[in-house]
1. How many nm is it between the label spots at GLU13 and ILE175, if each spot is 7 Å from the Cα in line with the beta carbon?
2. Which net charge results for the neighbourhood of ARG29, defined as the other residues with beta-carbon distances under 13 angstrom from its beta-carbon, given Lys and Arg at +1 and Asp and Glu at -1?
3. Measure off 7 Å from each Cα along the Cα-to-Cβ vector at VAL46 and ASN21, then give the distance between these two points in nanometres to one decimal.
4. Long-range amide H contacts for HIS161: which residues qualify at under 5 Å (H placed 1.01 Å from N, peptide plane, sequence gap of 5 or more or a different chain)?
Amino acid sequence: MQEQESTAGSPPESLYYEHLNKCLTNIHRVIQKTNDILCNISHPSVCSEVLLSSRGTDYISEISEVYRISRRIEGGMRNLHLYNETLRLILRDIDLSWNNLQAFVSLCPWVLQRLPSFLSLDCEIEGPVSDSAHCSKTCCGVCLLADKQHGAEFTNGMLMHGENLYHPSCANFWINCVDLTLPVLSCQKNCSFCATVHEGNQAGGENI
């Protein structure tokens, strides 16, 4: 896997918005494409047959994981205080497409039961948040959300590639649906965690 460096000279915050727009737009495209495929099936019984097949259920499961990434991104946006009207509208469109997909899947209750509940998709970090949770170096390079709040536990369930962390499903989605090069975002200028690490490194160098 390759990594895509952030554009030199560009403000980190603008790169964050560009990255989020690119990722969310592709998530919406993938989910909407699934809706279009199911909508083009003329008879409900044929649609049910497709959904109940092993390939059909696996495909819907994969699409639900794509939607889960959008929820992670929304959690990362809240955590890093990144929001604008464009991103809000794309998130709304993703939710609408997801709801439409669930309407199709409701033709097969067994398949619908396999989809994650809305509550299980809530990725907002609860409770006290450590400084590391606001640092891009400790968050997934795709969804910008840390798995855990404190200490070394934030790497739980994430892959290290180079010096950056990624949820496996986020990295898989990015490479297959967005770009062959994994994104690498520089941290925001006001990152207190990076400042603390830098000060610690400087202090350590002085003691050698």
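Values in this text are rule-based calculations from the coordinates and carry no lab data. Given the structure is predicted, the values throughout are model-derived calculations rather than measurements. FYI the Cβ positions are ideal-geometry reconstructions off the backbone, even for glycines, and counts take in every protein chain you see.
1. Result: 3.4 nm between the two label points.
2. Numbers: positive: LYS22, LYS33; negative: ASP36, ASP93.
That sum, taken over residues with Cβ under 13 Å, equals 0.
3. For the pair VAL46/ASN21, the computed spacing is 4.0 nm.
4. The answer is TYR166.
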